[in-house]
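This report refers to the structure that appears directly beneath it.
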Amino acid sequence: MSDDKKTDSLQPEEIRSTGSPLSAKRGPRTDGAASVAAGSLSMKKPQGFFEERSLPAIEMTPGRLRYLTRRDVLLFGAGAVAALAGGGFLLPQDTLSRLGVRRNMDSPGKEWFLNKALRIDDDVAEALYSGNRRVPTYTKSQITPLKNNYNGATPDPGYISGWNLTLDGLASGLSISLDIRNLTTRFSVHEQITRLVCVEGWSAIAWWAGLRFDDLLRAYPPMSQAKWARVESSVNLDASGNPDPYFVSIDLATARHPQTLLATHFNGQALTVEHGAPVRLLVPVKLGLKNVKAITKLTYVAEEPRDYWAERGYSRYDGI
């Protein structure tokens, strides 16, 4: 039988009388050392580094407590006023007017600060981009309605009969024009059910089909120095129905993402005018404003091209 089991066999009375099971087992000391009375020696258990420590008691006179409380309230009030002043500088003038602030706070410095902050946000989003990261996909039972969200008026469908897609900035130096038949018969069709996220705060899950943008890039390679694509729609209209060409910038890394499509079908049917017939850009790793409807031209360039919404104060990268 082991020593541990021998210890277990001691009766409670024996343990209490000696103060330790070991003393009951070993018997009296014979080396002349004085015996230590039970309970006279206490051992503190070492405290772990991450173990919670008890808070020390702090004694403070009522006068001192009132002084510190008054000081903290004043500091908090000063900080709140400073935050409101700084925030007021950044608010739109219309918002400030509604709050009763009549002074015009619009300035080049304010615009510079906001643009700088937006640019930093874009740079972080671009640095975090990964071609291996996929957005979630869904089932057909999860599809939700997708509204017609043309920025202006919906174009008349008459443009569809003469539609073609022009490719510029190619390695061949040529300008290529493709019709819808070229796109739907030459390239493999890919389907996906993904969420379209709008900068206005709404989103919808839809079933899309079309060719991968990357397949088009492989078939018609851009010039070697190209890093961007300018995606245009010449049939776009403003709210009054007047021509208002729409154009956005897409980095080629995003264009090559496996979920970036040149979509030709929506929910199992050919695209309607409301959703960008006959071909629209579908890039689910970007906000909806990058998903150009009724694309008419793709131009590959080395430097970042103009962007419709970036010129109006929005982000240029618009990643999600």
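The values are calculated or read from the model by the stated rules, or taken from the named source; none is laboratory data. Since the model is a prediction, treat every value here as computed from it, not as a measurement. Positions of Cβ are backbone-derived with ideal geometry, glycine not excepted, and every protein chain shown enters the neighbour counts. In case anyone asks, the SASA skips ligands and DNA or RNA and just uses the protein heavy atoms, side chains included. Shrake-Rupley method; radii C 1.70, N 1.55, O 1.52, S 1.80 Å.
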Quiz item: Once amide H atoms are placed 1.01 Å from N in the peptide plane, what residues at a sequence separation of 5 or more from W228, or on another chain, have their amide H within under 5 Å of its amide H?
Solution: L252, V301
Quiz item: Using 7 Å Cα-to-Cβ label points, what is the D238/C198 separation (nm, one decimal)?
Solution: 2.2
Practice problem: Kindly write out, for segment 241-258 in residue order, the coupling ³J(HN,Hα) from the Karplus curve 6.51 cos²θ - 1.76 cosθ + 1.60 (θ = phi - 60°), rounded to whole Hz, with x marking Gly and Pro. | Solution: x, 8, x, 8, x, 10, 8, 9, 9, 10, 5, 5, 4, 6, 4, 8, 4, x
Exercise. Using only protein heavy atoms and a 1.4 Å probe, report how much of I320 is accessible, in Å² to the nearest 10.
Key: 80
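Give me the number: length gained by fully extending E59 to N267, i.e. 0.36 nm times residue separation minus the C-alpha to C-alpha distance, one decimal in nm.
67.8 nm
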Quiz prompt | Nitroxide proxy distance, nm - points 7 Å out along Cα→Cβ at E191 and K227 | solution = 3.9
Quiz item: HN-Hα J couplings of segment 72-78 from phi, Karplus 6.51/-1.76/1.60, θ = phi - 60°, integer Hz, Gly and Pro as x?
Solution: 5, 5, 5, 5, 5, x, 5
Self-check item: Share of carbon and sulfur in the accessible heavy-atom surface of segment 155-194 [1.4 Å probe, %]
Solution: 48
Exercise. Could you order T296, T61, T154 by accessible surface area, starting with the largest, using a probe radius of 1.4 Å?
Key: T61, T154, T296
Self-check item: Extension gain, D214 back to D179 (0.36 nm per residue minus Cα-Cα distance, nm)
Solution: 10.8 nm
